[in-house]
């Protein structure tokens, strides 16, 4: 009996190990990054014949309306304007931008990326797979494992835990599924991590093609209140205090409202409504920088993701610093004029004069890059 056991146990262990390896090899694709989605292949090569290419989501599409202005500003003194191409559309997260770029027929000399406002338009991973996705990202974030993956991409089949990937359609589909706040917040946190990884992909892709990459932050309309405050951040006490502060504002007693609004913001966890009110009161008594900080946080803690915010802009700045990518801080440019001018056309887009101002500032940088 013991002899049989000594034979069966190693065989069983070997069989279990073989099944474990087989499952991972069959499930996991080759590749350094454990992306949690599958995109269909692009059927045709994309032709954009321009030395400067503007890419991204609806924010890039909007800036693309001023491509002629940008071209003319860059081309001062040249016999003909330098062409600026645009590869941007609405409902386009960075994952779809990357897929399009991988199929470019001809690469530009300089690429300008702006986006981050529509990363949650599509559900690009399955909620039930979040724990597995997080584990895989932790391994991807370990420099030792990443080195192995870069040297031997096939090792991804063994390194990463098997994952059921979200299969995405050829065209973006706007998610209308209702979800709990807990699910929304879990998805939001992971979406920010995916966005950061995709920005790093963009850096690697452009460098492999010898393209100069520029990141541009997205201006956020600080005067637009959050659309929803997460219920976990609301208490009966905070509701009562908010009501009292609003009454002081109605009476235009901003000096009395300010300390109460500030204290409530400091003692309330991630309450977008409280932060917005605090920012408004701080602005009314002349504390502009303090007000901006509170209003940026209010936009970031909005319990519905409908625009870019300080988090997505911070991720852009972080990746730019870490990978030495040129950054044009359009958000800061517009914020500098907050309350000095009508900075926004609507909830999302700055006034045209700021796009024109940005074009002139970018043209100065681009002329140096292109040695014009």
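Give me the pairs, please: first residue somewhere in the stretch 94-111 and over 13 Å from residue 201 (Cα atoms) and in the same structural domain as residue 51 (by TED's automatic domain parsing), second residue anywhere and at pLDDT 95 or above and assigned to a helix (DSSP H, G or I), beta-carbon distance under 7 Å, and either six or more positions apart or on two chains. Matching pairs, first to second residue: 111/206. Residues in the stretch 289-307 that are part of a helix (DSSP H, G or I) and under 15 Å from the mean Cα position of the chain (by Cα): 2 in all. Screening the stretch 226-258 for residues that are surrounded by 17 or more Cβ atoms within 10 Å (Cβ to Cβ) and within 32 Å of the chain's Cα centre (by Cα) and picking the one that is farthest from residue 346 (Cα to Cα) gives 238. Only one of the numbered conditions (1) buried (at least 17 other Cβ atoms within 10 Å of the Cβ); (2) touching a strand residue (DSSP E or B) at 6+ places or on another chain (Cβ under 8 Å); (3) not in a loop (DSSP other than H, G, I, E, B) is not met by residue 222, and that is (3).
Might you let me know whether the stretch 318-337 holds any residue that is under 15 Å from the mean Cα position of the chain (by Cα), under 21 Å from residue 189 (Cα atoms) and surrounded by fewer than 18 Cβ atoms within 10 Å (Cβ to Cβ)? Yes, that holds for at least one residue.
Before we move on, is residue 288 surrounded by fewer than 20 Cβ atoms within 10 Å (Cβ to Cβ) and over 14 Å from residue 216 (Cα atoms)? Yes: the conditions hold for residue 288. All conditions but one from (1) surrounded by 19 or more Cβ atoms within 10 Å (Cβ to Cβ); (2) outside any helix (DSSP H, G or I) apply to residue 178; the one that does not is (1).
In the stretch 133-160, the qualifying residues are those that are without any contact (Cβ under 8 Å) to a residue 60 or more places away in the chain and in a loop (DSSP other than H, G, I, E, B), and the one that is farthest from residue 198 (Cα to Cα) is 152. Restricted to helices (runs of 4 or more DSSP H) entirely inside the stretch 54-132, those with at least 3 residues that are modelled with pLDDT of 95 or more, within 22 Å of the chain's Cα centre (by Cα) and within 20 Å of residue 221 (Cα to Cα) are 58-64.
The values are calculated or read from the model by the stated rules, or taken from the named source; none is laboratory data. Since this is a predicted model, take the numbers as computed values, not measurements. Every residue, glycine among them, receives a Cβ derived from its backbone with ideal geometry; neighbour counts consider all protein chains shown.
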